[in-house]
Amino acid sequence: MSQTTEFARLLDNAARTATATRQIDPEGRLTLAQAYAIQSELVKCREARGEQRVGVKMGFTSRAKMVQMGLSDVIWGRLTAGMQIEEGTTVDFSRFVHPRCEPEIAFILKKPLAGHVTGPQALAAVEAIAPALEIIDSRYENFKFTLPDVIADNASSSGFVIGPWSDPHIDFSNLGLTLNIDGRVAQVGSTAALLGHPLRSLVAAARLAAEADEPLQPGWVVMAGGATSAEWIKAGQYISVDMERLGSAGFHLSAASSDTK
Ligand code: OOG
Ligand code: MG
């Protein structure tokens, strides 16, 4: 078995069983290309189980996230249907290792997009925008990783929630937002935290998609990245995002592990 396959299976297994694993590259020796090859194979394991590819997520597109995690390269991960959590529903807490949640803005595309594009070109491919939440759940012990580690682990992606879709032809460059836990404000921010304008995150996604030879597809969701630091979330909580002009999105975490022990 190649090392790529070995690491992809290790991480896929950790995600499926919600069990933390050791870092695969604590010294950061793997190249980014090797790390993305592991990610690609990991996502193929999900697809082999029948999960559809539904989009991409961007990581470290805000200073708050770079500072929180100590990494400064913009990265991406692949979203599959099994990660989507319907707005307002309850998720089983036992599916996570040590989840955190962060407020994001999501794009849904109406045209393919790849390569070096301008902001207006990227916008022309957008069908709609929405307030969103991402649940990140690093498969590594103590949520600790190097850049190759987190890339291989599909950029910590675990779940995402999308709120109401809006026309993208409004100025969404600087929309105020809060991340709320049980109705209390936990983080305050703005969409401007995303590279100065969230559209720049989509521009970066188009570039990374071209480099990976995987053009963004019509119907795909692009999660632009956490606009604030992520918050630890616990069983029984209700987590929501409120975004100026675009509205809200939220979900519940089940009270405790609902397995029948
Ligand atoms: C890595 C994923 C980063 C974001 O929005 O910046 C990310 C992590 O923080 O574990 O999802
Ligand atoms: Mg994120």
If amide H atoms are modeled at 1.01 Å from N in the peptide plane, then the residues at a separation of 5 or more from SER158, or on another chain, having amide H under 5 Å from its own are ILE135, ASP137
Express the carbon and sulfur contribution to the solvent-accessible surface of segment 3-253 as a percent, rounded to the nearest whole number, probe 1.4 angstrom.
49
Euclidean distance between Cα centres, segment 48-63 to segment 81-116, Å:
8
Fraction in percent of alpha-carbon pairs per bin - 5 Å, segment 91-228
2, 10, 17, 21, 20, 16, 9, 4, 0
With viscosity set to 1.567 mPa s and temperature to 4 °C, compute the Stokes-Einstein D of segment 66-106, Rh being the Kirkwood radius across alpha carbon pairs; µm²/s, no decimals.
98
Expressed as a rounded percentage, what relative contact order does segment 3-253 have, with Cα pairs under 8 Å and six or more residues apart?
29
Could you tally up the Lys pairs in the chain with alpha carbons closer than 18 Å? Skip any pair fewer than 8 positions apart unless they're on separate chains.
5
Per residue, how much accessible area does segment 109-187 have with a 1.4 Å probe, in Å²?
36
How high is the FRET efficiency from ALA128 to ASP213, r the C-beta distance, R0 30 Å, rounded to 0.05?
0.70
Please report the Cα spread of segment 155-260 along all three principal axes, rounded to whole Å, starting with the longest.
45, 33, 23
Rounded to the nearest Å, the spacing of the alpha-carbon centers of segment 166-240 and segment 137-160 is 18
Given points 7 Å out from each Cα along the Cα-Cβ axis, report the GLU6 to HIS116 separation in nanometres with one decimal.
3.9
For the chain, compute the orientation-averaged projected area of the C-alpha convex hull (one quarter of its surface), in nm².
13.1
Which loop GluC sites (Glu not before Pro) in segment 195-255, with loop taken from DSSP, have no more than 16 other Cβ atoms within 10 angstrom of their Cβ?
GLU244
Excluding LEU208 itself, what net charge comes from residues whose Cβ is under 12 Å from its Cβ, given Lys and Arg +1 and Asp and Glu -1?
-1
Segment GLN84-GLU27, length gained on full extension (0.36 nm per residue, minus Cα span):
17.3 nm
Magnitude of the Cβ-charge dipole of segment 3-253, K/R +1 and D/E -1, about the Cα centre, nearest 20 debye?
160
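The values are calculated or read from the model by the stated rules, or taken from the named source; none is laboratory data. Just so it is clear, the structure is predicted and the values come from calculations on it, not from any experiment. Virtual Cβ from ideal backbone geometry, glycine too; neighbours counted across all protein chains shown. Remember, those area values only see protein heavy atoms, side chains included, never the ligands or the DNA or RNA. Shrake-Rupley method; radii C 1.70, N 1.55, O 1.52, S 1.80 Å.
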